[in-house]
1. At a Cα cut-off below 20 Å, give the aspartates and glutamates reachable from K17, other chains included and same-chain residues fewer than 8 away excluded.
2. Report the net charge of residues surrounding L55, where surrounding means a beta-carbon distance below 12 angstrom and charges are Lys +1, Arg +1, Asp -1, Glu -1.
3. For the chain, state what percent of all Cα-Cα pairs lands in each successive 10 Å bin, counting from 0 Å until the bin that includes the largest distance.
4. So, how do all the Cα-to-Cα distances of region 56-101 break down into 5 Å bins, in percent, from 0 on up?
5. Quick check: the angle from helix 125-137's long axis to the longest principal axis of the chain, C-alpha only, nearest 10 degrees?
6. Which whole-number percent gives the relative contact order of the chain, counting Cα pairs below 8 Å spaced six or more residues apart?
7. Please arrange T7, T113 by how many other C-beta atoms lie within 10 Å of their C-beta, fewest to most.
8. Kindly list the residues of region 42-84 that lie in the label zone of T113, defined by a backbone N under 19 Å from the point 7 Å along the Cα-to-C-beta vector.
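What follows is calculated from the coordinates using simple rules that are stated; it is not laboratory data. It should be emphasised that the depicted structure is a prediction, and the values quoted were computed from it without experimental measurement. Cβ atoms come from the backbone with ideal geometry, glycine included; neighbour counts cover every protein chain shown.
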Amino acid sequence: MTKSAKTISLNVTLCCKCGGRCCQGSPGVWADPQRFFAVFFAGQRLTVEQLRCRLPKLGLVLWEKSGVPVPAPLSLESGCSFWGESGCRFSVSERPCQCLALVPNKETLQTSTGCRCRLPEPFSRAAVRQRWQAYWLVDC
Ligand code: SF4
Ligand code: SF4
């Protein structure tokens, strides 16, 4: 894991004004497998099958369409299932890496729809997929 993959770009003032437009779209995911397992499973390493069985209790799902399983918050029609009136129900220490890394942009507030906030490249879908692929390739 590179240092740049641990970025936290929170702007509480701006995001409070916005109200979580990003959360009303697709949820962010955990980009760092080690961090994910440390937060939710005390560092225990699980197989894909074990993880698939245990995620629903946490309100999480496994995104597998890309061919690489990546855990994510459950999506609802309204957006991320962890989003509520008071914001994200995850603490900052638990929150998905992509959510923490998203760089708030005031231009988002100047438009009526969409999100102008920027996800740094180390947190892109391709980069996340690569990191999880490398993780799953190592035998449990
Ligand atoms: S869309 Fe941008 S400004 Fe709005 S809550 Fe998300 S990161 Fe913050
Ligand atoms: S996990 Fe939290 S910050 Fe991330 S999309 Fe869901 S509600 Fe928003």
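1. Result set, ordered by chain and number: E85, E107.
2. +1
3. 11, 43, 34, 10, 1
4. Per 5 Å bin, starting at zero, the Cα-Cα P(r) for region 56-101 comes out as 5, 18, 27, 29, 15, 5, 1 percent.
5. Around 20 degrees separate the two axes.
6. Worked out over the chain, it gives 34 percent.
7. T113, T7
8. 76-80
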